[in-house]
Amino acid sequence: MAPEEYKELEPAISLLCRRKEYAISEIEEKQLEPLFKVVSKIKEAYNLCLKLKTIYNKHLTSKEALESINSWIENVESSKLTSFKSFIQTLKKYKNEICNYFINRNTSGFVEGFNNKVKVLKLLWHS
C-alpha cells in the first residue's frame, strides 16, 4: 500500500483503535468505509463485535442471553476469522457465569479494579 493510500485510512484506523462505549455516529461510520473496502475481514470482525455488544446492552433474561451468546459463537465459528479463537474459548468456559450478569446486571468490575490498584500500590511500596 502506498503511503498516500495509508494516509487516507488513518482516520478510520484511529477510530477503531479508540475504545468507545457508545455508538459511533454516521460520520464515523462513513470514515470506516474506505478501510472496510480495503480489508473486508476488519468489517466482518467489527460487525461481530457490534453484535456481541448489542447482546450485552439488551435487557435479556439469563436464558435469552445464553441463547444469544451461543448463536453469536456459532456465527463467529462459521466465519473465516481466527482472531476470536482465544476469546471464544474463554467465553465458552465462562458463559454460564457471564449469563448471570443478566439476572440483575451487576459485575464485580469495581472490586476487581480496586484489588488491582491495591496490588500495584503494594508493589510500588515494597520496591
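The values are calculated or read from the model by the stated rules, or taken from the named source; none is laboratory data. As the structure is a computational prediction, the values presented were derived from the model and not from experiment. Positions of Cβ are backbone-derived with ideal geometry, glycine not excepted, and every protein chain shown enters the neighbour counts.
Assorted remarks:
- Filter pass, E28 being over 30 Å from A2 (Cβ atoms), free of Cβ contacts under 8 Å to residues at least 40 places away in the same chain and not hydrophobic (A, V, I, L, M, F, W, C): no
- Set side by side, the residues S62, S86, S71, S108 differ, and just one is touching a residue at least 12 places away in the same chain (Cβ under 8 Å) and among the hydroxyl-bearing types (S, T, Y), which is S62.
- Among helices (runs of 4 or more DSSP H) entirely within the stretch 38-127, having at least 3 residues that are outside the structural domain of K7 (by TED's automatic domain parsing) and either of a type in the set (F, W, Y) or more than 28 Å from I13 (Cα to Cα) (or both) singles out 62-78, 85-99, 101-104, 109-126.
- Boolean, N100 is surrounded by 13 or more Cβ atoms within 10 Å (Cβ to Cβ) and either of a type in the set (V, I, T) or modelled with pLDDT under 95 (or both): yes
- Breaking point among (1) more than 20 Å from F102 (Cα to Cα); (2) without any contact (Cβ under 8 Å) to a residue 40 or more places away in the chain, for L81: (2)
- With respect to (1) modelled with pLDDT under 85; (2) within 20 Å of R105 (Cα to Cα); (3) over 12 Å from the mean Cα position of the chain (by Cα), the lone exception for E29 is condition (2).
- Residues that are out of contact with any Ser or Thr (no Cβ under 8 Å at 6 or more places or on another chain), surrounded by 15 or more Cβ atoms within 10 Å (Cβ to Cβ) and within 22 Å of C17 (Cα to Cα) were ranked within the stretch 47-80; the one that is modelled with the lowest pLDDT is L52.
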